[in-house]
Amino acid sequence: MKKRFILLLSLGLFGCSATWQQEPAESTAAKKVLYVAPTGKDTNAGSIKQPLKTLKRASQLAKAGTTVYLRKGTYTEALTVKYSGTKQAPVVFKNYQKEKVVLSGKTLKQKDGDTALVRIENRQYVTIQGLVVADIETTRTNETPIGMFVTGTGRNIQLIDNQVRRIKTNAKDGNAHGIAIYGTGRLKQITVRGNRVEDNRLGASEALVLNGNIDGFSVTNNIVRRNDNIGIDLIGYEGVATNPAEDYARNGTIAGNVVSDSSSYGNPFYGKEYNAAGIYVDGGKQLTIENNTVERNDIGIEVTSEHAGKYAEQVTVRGNLVKQNRFTGISIGGYDKKRGGTKQVRITANQVTGNDTKGLEGGQLLVQHDVRDNRIDRNTFTTGQDNLFVAHFFKTSSGNQFEQNTYRLANGTAKRWIWQDQEYRTQSAFERAVQK
């Protein structure tokens, strides 16, 4: 397999406070509405007829219970959420009546470390909805542009129906993110729903990522496409969290997403290598990946850990359509013997068809290093051009089960399975080899 590089962290996340600013949780908290428009004035009252002008001023006024409506137009500034909400009185920033609201980073001054167009740090009960976040770019390795960034400690953060596009690094060893959620302290009850994350140039990073101490989340019904690295990534053990024992994404659902055309080929960090997964679990636990459409990526769905002695575990991959990916459909296990692996994962009831379009011997299911006690059942595997169903060139696997899978040839009659670097031409011979 072509080498996968370890993801780089240049986000400057360490040293964040593990507290959030919170208004008193009063059940009688007053609800307030503010309006912002490019034609407004910050000395205005913030009414629909006398709107504020800047996101900065709106954020200064948006305490618990405030909904900020952004009127149509382009805002050439970043939004940093200043206050938390409460369960009864959240803080909401959203577009007004489906008007097109663009937060543009074209003229935004960047700094060393991360620069985000939307930043939520150490907050709770905050919703960002209906915004277009676009066009922040760098040529410097030490700058990391981000479309939407959630970090620190917090809970009940919602990113809904936003569009994040053209977030770019042009540095050879650079990093950029569309949506990045980094739990330095514990982040809980995170919702990422109905967003479009597309046309981003990511360097060594990801289009939509949850990394570190994240306990409880849903990533649903998003469209993630045409990015030059990983589409959706769930990461552990990279040293993001202040508590190493909780440094992994867990207790989450990734469902109903359409992830397409993620490819690292031509990305300056990777060169001519097909390394980008549509959906990637790198050390996450207790996850469900279901009912997604994952197509035309380098790798469809990948579940493993890049860190030796660590695992992706207790993950269910269920009911997904995985098709026409360049290297392989579903991959488990570390890409070399210096990596971690995959255990106690169930891959069930998926349609995995026509993958390995580049003829790289990845087959429909790629089994790599340190793969143990996994169950692969009730899937339908339909071959691509090389008629290879399962590819396993390592000998570091044990306790795996293949049950009630259907194997279909797209053409020809020569069925192929490779297990522990031995090739088999019948299903029964392959299944006997697995059981040894």
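Can you find a residue that is without any contact (Cβ under 8 Å) to a residue 24 or more places away in the chain and surrounded by fewer than 20 Cβ atoms within 10 Å (Cβ to Cβ) anywhere in the range 107-116?
Scanning the range 107-116 turns up at least one residue that is without any contact (Cβ under 8 Å) to a residue 24 or more places away in the chain and surrounded by fewer than 20 Cβ atoms within 10 Å (Cβ to Cβ).
Report yes if Ser47 is among the polar types (S, T, N, Q), modelled with pLDDT of 95 or more and crowded, with 20+ Cβ neighbours inside 10 Å, otherwise no.
no
Name the residues in the range 394-407 that are part of a strand (DSSP E or B) and of a type in the set (Gly, Ala, Ser), would you?
So in the range 394-407, the residues part of a strand (DSSP E or B) come out as 397-398, 401-403, 406-407.
Ser397, Ser398 - these are the residues of the range 394-407 that are part of a strand (DSSP E or B) and of a type in the set (Gly, Ala, Ser).
Do you know which of the residues in the range 337-389 that are part of a loop (DSSP other than H, G, I, E, B) and among the hydrophobic types (A, V, I, L, M, F, W, C) is nearest to Gly283 (Cα to Cα)? Give the steps one after another, and end with the answer.
So the first thing to find is which residues in the range 337-389 are part of a loop (DSSP other than H, G, I, E, B), and the list is 337-340, 344-345, 349-350, 354-364, 368, 370, 373-374, 378-379, 383-387.
Next, from what is left, pick out any that are among the hydrophobic types (A, V, I, L, M, F, W, C): 345, 349, 360.
Details: Val345: 12, Ala349: 23, Leu360: 25 Å.
For the range 337-389, the residue satisfying everything is Val345.
If we scan the range 229-236, do we find a residue that is surrounded by 18 or more Cβ atoms within 10 Å (Cβ to Cβ), of a type in the set (A, V, I, L, M) and not in a strand (DSSP E or B)?
Yes, the conditions are met somewhere in the range 229-236.
Within the bounds of the range 206-216, is there any residue that is closer than 22 Å to Thr288 by Cβ and assigned to a loop (DSSP other than H, G, I, E, B)?
Yes, that holds for at least one residue.
Identify all residues within the range 89-121 that are modelled with pLDDT of 95 or more and among the polar types (S, T, N, Q); write none if there are none.
Of everything in the range 89-121, those that are modelled with pLDDT of 95 or more and among the polar types (S, T, N, Q) turn out to be Asn95, Gln97, Ser104.
With the structure loaded, tell me whether Asn213 is touching a helix residue (DSSP H, G or I) at 6+ places or on another chain (Cβ under 8 Å) and of a type in the set (S, T, N, Q) or whether it fails that test.
So Asn213 passes the test.
Report, by residue number, each residue of the range 288-307 that is in a loop (DSSP other than H, G, I, E, B), surrounded by 24 or more Cβ atoms within 10 Å (Cβ to Cβ) and in contact with a Phe, Trp or Tyr (Cβ under 6 Å, 6 or more places away or on another chain).
The first filter runs over the range 288-307 and keeps only residues in a loop (DSSP other than H, G, I, E, B), leaving 291-292, 296-298, 305-307.
Those still in the list that are surrounded by 24 or more Cβ atoms within 10 Å (Cβ to Cβ) too: 292, 297-298, 305.
Listed by number, the residues that qualify are Asp298, Ser305.
Scan the range 408-432 for residues that are surrounded by 13 or more Cβ atoms within 10 Å (Cβ to Cβ) and part of a loop (DSSP other than H, G, I, E, B) and jot them down.
Leu409, Lys415, Gln420
Out of (1) of a type outside the set (Val, Ile, Thr); (2) touching a helix residue (DSSP H, G or I) at 6+ places or on another chain (Cβ under 9 Å); (3) within 23 Å of Asn275 (Cβ to Cβ), the odd one out for Gly174 is which?
The number of the failed condition is (2).
Hey, can you tell me all the residues within the range 54-82 that are assigned to a loop (DSSP other than H, G, I, E, B), touching a helix residue (DSSP H, G or I) at 6+ places or on another chain (Cβ under 8 Å), within 15 Å of Val126 (Cα to Cα) and not β-branched (Val, Ile, Thr)?
Residue satisfying the conditions is Lys82 alone.
In this structure, does Asp336 turn out to be among the acidic types (Asp, Glu) and either closer than 23 Å to Ser397 by Cβ or touching an Asp or Glu at 6+ places or on another chain (Cβ under 6 Å) (or both)?
yes
The values are calculated or read from the model by the stated rules, or taken from the named source; none is laboratory data. In this text the structure is predicted, and so the values were computed from the model without any measurement. Here Cβ is always computed from backbone atoms with ideal geometry, including for glycine, and neighbour counts include all displayed protein chains.
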